[in-house]
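The values are calculated or read from the model by the stated rules, or taken from the named source; none is laboratory data. What you are looking at is a predicted structure, and each value in this text was computed from that prediction instead of being measured. When we count neighbours, we look across all protein chains shown, and the Cβ atoms used for this are built from the backbone with ideal geometry, even at glycine. SASA here: full protein model, heavy atoms, side chains in, ligands and nucleic acids out. Shrake-Rupley method; radii C 1.70, N 1.55, O 1.52, S 1.80 Å.
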Amino acid sequence: MSEALTLIAQISDLHIKANGRLSYKKVDTQAALLRVIDTLNRLLPRPDIVVITGDLVDFGTAEEYQTLRTALRRLQLPYMLMAGNHDDRQQLRAAFPDHHYLQRGETLNWQTRVKGVQLLALDSSVPQQPWGYVDEAQLVWLEDQLAREPQLPTMVMLHHPPVMSGIGHMDKQPLRNPEALAKIISQHPQVERVLSGHLHRSIQARFAGTLVSVAPGVSHQVAFDLSENGPANFVLEPPGFLLHRWHPQQGMTTHLCAIGDYPGPWPFYDANGLID
């Protein structure tokens, strides 16, 4: 792979239960995680990193995080973790002591550079609450990080999207201060994407002069229902992940990728031309 090219895989909302238990008595989230890991391991060219944008486990217990850690040993790519509203910061830190970026500060913010792209993770989780919030200290940190290298393409990441989805029951647990985040991001045009999870669907929206990209769930999806008072349902639609491709001359492109094995590929053409 060209040194100029940066590939960032984003998976989200794993909701791992301890020891293979089913989520909502229907969803085998551990098996779903292993399927996406196998899919990522087969990708060519290989992603430079996998970012996991929150809701790593279902109830934030030590047993769930150990189940997660065991499954992630199968992943042949470097990965970095973020917290969502289903996570527990202290249990996450205890389960991944070698992930030093998780061990600093009250909230789980971190910064890294992956070849030509900077990644800035904000911890939007609020203990015991489904909604999200980014506090003043985090906003100051974000402003400082963005001001340091204004020419460096950057992805800002947080579990809760800073936009409304139109899915009523999910919009009742939003990021509660998106305006504060927008005020900062709008001043920094190097922000190529705001990456989020939480909604268990692939959703894109303009925000503060850039694009919000919400990753689908790797197991179950939130049911597609744009009625204002629709029920809180999930469906077993095909799961997926996002692959963000950065090239200095071509910019940032985001691909929605399916998880699993499907028929094909087959050629469009043979030696005689287009196949009927």
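Just a few scattered comments:
- Proximal lysines relative to Lys172, as straight alpha-carbon distance under 27 Å, when same-chain residues fewer than 8 apart are discounted: Lys17, Lys25, Lys26, Lys183
- The chain - percent of accessible surface contributed by carbon and sulfur, probe 1.4 Å: 53
- The Kirkwood hydrodynamic radius of segment 173-256, based on inverse pair distances between different Cα atoms, is 14.5 Å.
- Pair-distance distribution P(r) for the chain, from all Cα-Cα distances in 10 Å bins starting at 0: 6, 30, 36, 21, 5, 2, 0 percent.
- For the chain, accessible area per residue (1.4 Å probe, heavy atoms of protein chains only), Å²: 47
- The calculated Kirkwood hydrodynamic radius for segment 68-184 is 15.5 Å, given to one decimal from all distinct C-alpha pairs.
- All Cα pairs of segment 10-118, percent lying beyond 20 Å: 38
- Descending by average beta-carbon neighbour count within 10 Å, the peptides 220-229, 255-264 line up as 220-229, 255-264, the highest first.
- Estimated from helical segments only, the mean residue ellipticity of the chain at 222 nm is -6000 deg cm²/dmol, where each DSSP H run of four or more residues counts as -39500 (n - 2.57).
- Within the assembled protein chains, the solvent-accessible surface assigned to Asp38 is about 50 Å², based on a 1.4 Å probe.
- From phi via Karplus (6.51, -1.76, 1.60), per-residue ³J(HN,Hα) for segment 34-48 in Hz, x at Gly/Pro: 5, 5, 5, 4, 4, 5, 5, 5, 8, 5, 9, x, 7, x, 6
- Antiparallel DSSP beta bridges within the chain, as percent of all bridges there, nearest 5: 60
- Taking the centroid of alpha carbons for each part, segment 79-110 and segment 140-161 are 19 Å apart.
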